[in-house]
Amino acid sequence: MKKTSIVLIGIIAIFLVIGGILASSYNNMVSKKETIENTLSDLDVMLQRRADLIPNLVSTVKGYMNHESEIINQVTEARKNLVNANTVSEKLDANEELTHSLQALMVVVENYPELKSSSNFIQLSDELAGTENRISVARRDYNMAVNQYNTTIKKFPNMIFASLFGFEKENYYEAEASSTKVPSVSFE
């Protein structure tokens, strides 16, 4: 009877250890997944702030630029696409589109000295630059959270538990290769 009790206690101890490891791994993966959701939300806030600044910038620029409607339309359309994006991939594409159209707009602004010296334009440009910096930080934070999460679910024994509980690899928020190109602007 004593030998049976020792074996039974040993089996219970093994199940408790395995259960503890399972619970700890699961909670760790949930925590890291929530960190991703939180950092993505922060990034969304910054992207929305950027989108909210665009209409004011466009209206300020419109007053000075009569024949540059194509670029203004590109910025407006890119902003609309960003606001309507739902998935990380859609947001990434829309963000790149908006970045390119804003770069093109800033190149055009160089030909309007009165616009460049307008206090409203200067303030909006400064706010937009600050927002761009915040977006960079939010993207970095998101990618760090994704890195930690992806690393966690690939390690043993977490990889077993991740597969059992449906934890899947997350994608990084990466700039597209075209983001390093300088926009071309034609004044024809």
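Data overview
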{"read-out": "Where a residue in the stretch 80-99 is open to solvent by 60 Å² or more (accessible area, probe 1.4 Å) and its partner, wherever it lies, is aliphatic (A, V, I, L, M) and not in a helix (DSSP H, G or I), with Cβ under 8 Å and at least six apart", "value": "93/85"}
{"read-out": "Evaluation of residue 164 against (1) surrounded by 13 or more Cβ atoms within 10 Å (Cβ to Cβ); (2) modelled with pLDDT of 85 or more (one fails), failing number", "value": "(1)"}
{"read-out": "Residue satisfying all of: in the stretch 30-43; loosely packed, with under 15 Cβ neighbours inside 10 Å and within 26 Å of residue 99 (Cβ to Cβ); modelled with the lowest pLDDT among these", "value": "41"}
{"read-out": "Contacts under 8 angstrom Cβ, first residue in the stretch 149-173 being farther than 13 Å from residue 25 by Cα, partner open to solvent by 100 Å² or more (accessible area, probe 1.4 Å) and part of a loop (DSSP other than H, G, I, E, B), 6 or more apart", "value": "150/169"}
{"read-out": "Residues (assigned to a loop (DSSP other than H, G, I, E, B), touching a helix residue (DSSP H, G or I) at 6+ places or on another chain (Cβ under 8 Å), farther than 30 Å from residue 110 by Cα and among the hydrophobic types (A, V, I, L, M, F, W, C)) located in the stretch 135-177", "value": "167"}
{"read-out": "Hey, residue 132 assigned to a helix (DSSP H, G or I), charged (D, E, K, R) and open to solvent by 30 Å² or more (accessible area, probe 1.4 Å) or not", "value": "yes"}
{"read-out": "Count of the stretch 1-29 residues which are open to solvent by 70 Å² or more (accessible area, probe 1.4 Å), assigned to a helix (DSSP H, G or I) and not aromatic (Phe, Trp, Tyr)", "value": "16"}
{"read-out": "Helices (runs of 4 or more DSSP H) within the stretch 30-124 that include 3 or more residues charged (D, E, K, R) and closer than 28 Å to residue 149 by Cα", "value": "88-109"}
{"read-out": "Boolean, residue 142 is surrounded by 14 or more Cβ atoms within 10 Å (Cβ to Cβ), more than 25 Å from residue 31 (Cβ to Cβ) and of a type in the set (Phe, Trp, Tyr)", "value": "no"}
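The values are calculated or read from the model by the stated rules, or taken from the named source; none is laboratory data. Remember, it's a predicted structure, so these values are computed and weren't measured experimentally. Virtual Cβ from ideal backbone geometry, glycine too; neighbours counted across all protein chains shown. Only protein heavy atoms, including side chains, enter the accessible area calculation; ligands, DNA and RNA are left aside. Shrake-Rupley method; radii C 1.70, N 1.55, O 1.52, S 1.80 Å.
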